[in-house]
Structures are given as structure tokens and as C-alpha cells.
Amino acid sequence: MSRRPRGLAELDDFDAVFGALAHRSRRTILSVLQARGGEMTSKAIAARFDCSWPTTSQHLRVLEQAGLVTIELRGREHLYQLESDRLHSVAGSWLDRFA
């Protein structure tokens, strides 16, 4: 299988990250993770929102697919960890185009 050209891969990264950031709840999840030291359990994240668990779970899945969070299983808990380097790398490279 051939790899995507660098420019197209970069556009895919932009689409994934900015698509994830397009929803207020996902931006809030990232902000809360940052404020809480970069990691929280799924239960603690869900407790901060009025929406159902399936809705919160879908938001977390979008963030994971965009590479903005990773998940670590600790015992029976899922620990979500912020990937701020990914956010800075992708968003920063896009913003640098306008400097």
C-alpha cells in the first residue's frame, strides 16, 4: 500500500483536528482535561456534562480519532489523556501559514 503524499496527509490532519474542535463539547472536554492536569477518567469527564453517556462517548471517540486524546486502561477505568503536542503541532502549523 502506498503512503499518502505529505501535503494530503497534512490536510487530513487539519480536517481531523479542526473537525474535532468544531464542536463546543469537545473543546470543553479538552479545556477540562488541561485544567485537571491532562488526564481524567471517563466517569469524571461524563459527570461534567448533562448529555447522555453515549453522546459523551461519541465526543471522546472523535477526539481520540483526531489524536487529541489517548486512552489508557487502568483497572476497570478508562483514563483519557490530553495530547496537547498534537494540538500544537497541527493547529500551529496551520496558523504559521498566516504569520
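Computed from the coordinates by the stated procedures, all read-outs in this text should not be read as laboratory data. Note that the structure is predicted; figures quoted are calculated from it, not measured. Every residue, glycine among them, receives a Cβ derived from its backbone with ideal geometry; neighbour counts consider all protein chains shown.
Things worth noting here:
- All C-alpha to C-alpha distances of the chain, sorted into 5 Å bins beginning at zero, yield P(r) values of 2, 13, 22, 23, 16, 11, 7, 4, 1, 0 percent in whole numbers.
- Annotation: amide H-H contacts under 5 Å for THR41 (H modelled 1.01 Å from N, sequence separation of 5 or more, or interchain): TYR80.
- Rounded Å value of the spacing that divides the Cα centres of segment 4-50 and segment 65-88: 9
- Dividing the Cα radius of gyration of segment 50-99 by 2.2 N^0.38 Å, with N the residue count, gives 1.44.
- Descending by average beta-carbon neighbour count within 10 Å, the peptides 10-16, 91-97 line up as 10-16, 91-97, the highest first.
- Among ALA66, ALA46, ALA22, the residue with the largest mean-square fluctuation in a Gaussian network model of the chain, with springs joining Cα atoms closer than 10 Å, is ALA22.
- Converting phi to 3J(HN,Hα) with the Karplus coefficients 6.51, -1.76 and 1.60 and the offset θ = phi - 60°, segment 78-84 yields 9, 9, 8, 10, 5, 10, 5 Hz in sequence order, with x at every glycine or proline.
- Computed over the chain: relative contact order in percent, which uses C-alpha pairs under 8 Å that are six or more apart: 31
- Just checking the listed ones, ARG86, ARG24, ARG74: in the Gaussian network model of the chain with Cα springs under 10 Å, the one fluctuating most is ARG74.
- A simple rule links phi to the HN-Hα coupling: the Karplus curve 6.51 cos²θ - 1.76 cosθ + 1.60 with θ = phi - 60°, which for segment 61-73 gives 5, 4, 4, 5, 4, 7, x, 8, 9, 10, 10, 10, 8 Hz, with x for Gly and Pro.
- The phi torsions of segment 8-23, fed into the Karplus equation with coefficients 6.51, -1.76 and 1.60 and a -60° offset, translate into couplings of 6, 5, 5, 5, 4, 4, 4, 4, 5, 5, 6, x, 5, 6, 5, 9 Hz, rounded to whole numbers, with Gly and Pro shown as x.
- Note on the chain: antiparallel DSSP beta bridges, both residues inside, total approximately 100 percent of the bridges counted.
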